[in-house]
Amino acid sequence: MNEVKRPKKPLIYYYVIVLLILLLVNFLLMPWLMQRQIQEVDYGTFITMTENKEIGQVEIQAQENQILFTNQDDTVVYKTGMVDDPDLTQRLYESGAEFSGEIIEQMSPILSFLLSWVLPIAIFIGIGHYMSKKLMQRAGGANSMAFGMGKSNAKVYVKSSEGIKFSDVAGEDEAKENLTEIVDYLHNPNKYKEVGASMPKGILLVGPPGTGKTMLAKAVAGEANVPFFSMSGSEFVEMFVGMGAAKVRDLFKQAKEKAPCIVFIDEIVAIGKKRDGQLGGNDEREQTLNQLLTEMDGFEENSGVILLAATNRPESLDPALTRPGRFDRRVPVELPDLKGREEILKVHAKKIKLAPDVDFGKIARMASGASGAELANIINEAALRAVRSGRKSATQADLEESIEVVIAGYQKKNAILTDQEKKIVAYHEIGHALVAAMQSHSAPVQKITIVPRTSGALGYTMQVEEGEHYLMSKEEIENKVATLTGGRAAEEVVFGYVTTGASNDIEQATKLSRAMITRYGMSEQFDMVAMETVTNQYLGGDTSLACSAQTQAEIDRQVVALVKRQHQKARQILTDNRQKLDELAMYLYEKETITGEEFMTILNG
Ligand code: ADP
């Protein structure tokens, strides 16, 4: 049954409001209405007006101790206080004023009753009637609920000529190819029906955040020119059990009416998370999910409703949701590769003014690992930087700086490093760069800087790959670990003591070495056995161990040995090149930021 009981309206609530309005009208509005026309003047003015024969009517209210009087043509009513004045009556008589019983006519009791009691109630009933009618209309039909509870609130993007198209989504060619079929189906459903082919009911877009999943879903709707219902998974989950399920029902009801159309559920994990069967689980979420599953079974194949959903945690989805017949097609939307990044940069660069010197290829190489959203951000940061420096267009330097802003935060203007600290940071960074340069298979150094950043980094060395890398050899990873230990090694070689500056390097070096042993099968002892599995592929790549405690201890030993070996190698490289190390570090210390070319010139000089 689709009926949802109307919640009882708390009557006391209405009574209180009616009472408040009545009090307001009677104590504030009515006295104000009555007093509005009376002007208060002093007794002197009254006497002067009397003497000048400017008074029309007069009424002495002895009880209230006041006199009311009007001007000659009775248009204004004045009021003044009474003063002990025995000649008053005589003077008034002489001035020709007319003694009146009642200058301000009392409002008739019936009118006053109507105004102060009946009118507010009538207004209130009128408003109530109007509101409830409106709400009923919006909730729509027999399935509606009082005051719009259980409505889906889905945003509908009805076809529009300026909607997002596939051409706005750069890169992601595979995903676009996959979704083109959907568009074709929405245009020509008969072509598919004739052959007996049926479209998948649900398509799941999976990938890391900011890769354009939402954009792709909108693009499908834009290309197909059909209505687009968009809702986030979390919007279904309400405080009251049963509301989410009602929202799902309402969404599908609307969608079926508007078919062909696309229903997009963003962050579907919010409702589609695996039901773990534990006591005290989230009833509301489970009911919502059950309703979604039922609805998906309920609509016919080829009914013209296509369900798209996006998530970056596909592994947490309930298997019932991903089985054939429901979300049976999975479209990966991965981080863009070099070409993809370049295209995304170009798409977003159209929105800003660029100087002719911009080299998108280089920017794309520098921004390795960036998502579409980050690239869009880089372009915007560059434009902001151009405005800040009073230029009319963004230059290559703006773009390069904005990559650093996105990676490491803004330059810290007032960070005060002591001279010794600055020297240590310079040696640390040159240590990284030198170890990288002295090994084969290392990405060339692009830039070294010791300007502190808001992220907390005191300096960094940027290495940029020449092209795209899909595989890494064991030697390459080892060299990378050695490069990471290079900073600390330089401190040891030069100063003989160590600082906290290497904490991030240590973290990364450990992570890499661990992955070599537990996941990449790069250790003699464990061969090709997986000791760890990645549990959160798209969000940071968390891992969980799958081995005995002894093995775990052995893994730890091997990780330590591996890092130690590379650390020793880095120290050796720096000791062997001590003179270059000093020369480069002093140069960096002076200039604070140097380019890869400057670095190479001094190194090879
Ligand atoms: P997701 O849903 O995957 O988290 P969105 O679709 O919301 O990501 O993307 C966020 C923003 O990033 C978009 O508005 C767009 O500006 C930018 N973006 C992401 N991917 C792309 C892409 N492939 N092409 C162009 N812009 C993109």
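Structural remarks
- Radius of gyration, Dmax [segment 347-436; alpha carbons; angstrom]: 15.6, 46
- Taking the DSSP bridge list for the chain and keeping only pairs wholly inside it, about 50 percent are antiparallel.
- Model label points for LYS351 and ASP184, set 7 angstrom from Cα along the Cα-to-Cβ axis, are 3.2 nm apart.
- Sites SER198 and ILE123 - FRET efficiency at Förster radius 51 Å, r taken between beta-carbons, to 0.05: 0.35
- Subtracting the Cα-Cα distance of LEU24 and LYS339 from 0.36 nm times their residue separation leaves 106.4 nm of extension gain.
- Distance cut-off 35 Å, percentage of C-alpha pairs in the chain lying past it: 63 percent
- Segment 206-231 and segment 527-583: distance between their alpha carbon centers, rounded to Å: 40 Å
- Viscosity 0.890 mPa s, temperature 25 °C, Stokes-Einstein D of segment 476-544 from Kirkwood C-alpha radius, µm²/s: 181 µm²/s
- Computed over segment 524-581, Cα set: Rg, Dmax in Å: 16.8, 48
- Cleavage-rule hits (GluC sites (Glu not before Pro)) in segment 313-386: DSSP loop, at most 16 neighbouring Cβ within 10 angstrom: GLU334
- Per residue, the Cα convex hull of segment 304-382 amounts to 130 Å³.
- Cα-based convex hull volume of segment 566-605 per residue, rounded to whole Å³: 80 Å³
- Summed residue charge, Cβ within 13 Å of VAL529's Cβ, Lys/Arg positive, Asp/Glu negative: -3
- Cα extents of segment 189-240 along the three principal axes, largest first (Å): 45, 31, 21
- Under 5 Å from the amide H of ASP328 lie the amide H atoms of LYS201, GLY202, each residue being 5 or more positions distant or on a separate chain, with H modelled from the backbone and absent for Pro and chain starts.
- Loop-located GluC sites (Glu not before Pro) across segment 555-605 with a Cβ neighbour count of 16 or fewer within 10 Å are GLU592, with loop assigned by DSSP.
- Local electrostatic count at TYR520 - Lys and Arg +1, Asp and Glu -1, tallied over other residues with Cβ under 11 Å: +2
- Couplings 3J(HN,Hα) of segment 55-72, computed from phi: 9, x, 10, 9, 9, 9, 9, 4, 5, 7, 6, 8, 10, 9, 8, 10, 7, 3 Hz, in residue order, whole Hz [Karplus 6.51 cos²θ - 1.76 cosθ + 1.60, θ = phi - 60°; x for Gly and Pro].
- Along each principal axis, Cα extent of segment 391-524, largest first, Å: 55, 42, 24
- Translational diffusion of segment 392-434 was estimated from the Stokes-Einstein equation, with Rh taken as the Kirkwood radius over Cα pairs; at 20 °C and 1.002 mPa s the coefficient is 170 µm²/s.
- Positive minus negative residues near ILE203 (Lys, Arg vs Asp, Glu; Cβ under 12 Å): +3
- Convex hull of Cα atoms in segment 275-425, direction-averaged projection (nm²): 16.4 nm²
- Amide H contacts for ASN225 (H built 1.01 Å from N in the peptide plane; partners 5 or more residues away or on another chain; cut-off under 5 Å): none found.
- Taking a span of 15 Å or more along the helix axis (Cα atoms) and a mean Kyte-Doolittle hydropathy of at least 1.0 as the rule, the DSSP H helices of the chain that qualify are 11-24.
- Subset of LYS176/LYS346; LYS447/LYS580; LYS474/LYS511; LYS213/LYS339; LYS176/LYS480 violating a 25 Å alpha-carbon distance limit: LYS176/LYS480
- For GLN66 and PHE113, the difference between the fully extended length at 0.36 nm per residue and the C-alpha to C-alpha distance is 14.2 nm.
Taken together, the values in this text are just the output of simple stated rules run on the coordinates, not laboratory data. None of the values given here were measured: they were computed from a predicted structure. Cβ sites come from the backbone with ideal geometry, for glycine too, and all protein chains shown count toward neighbours.
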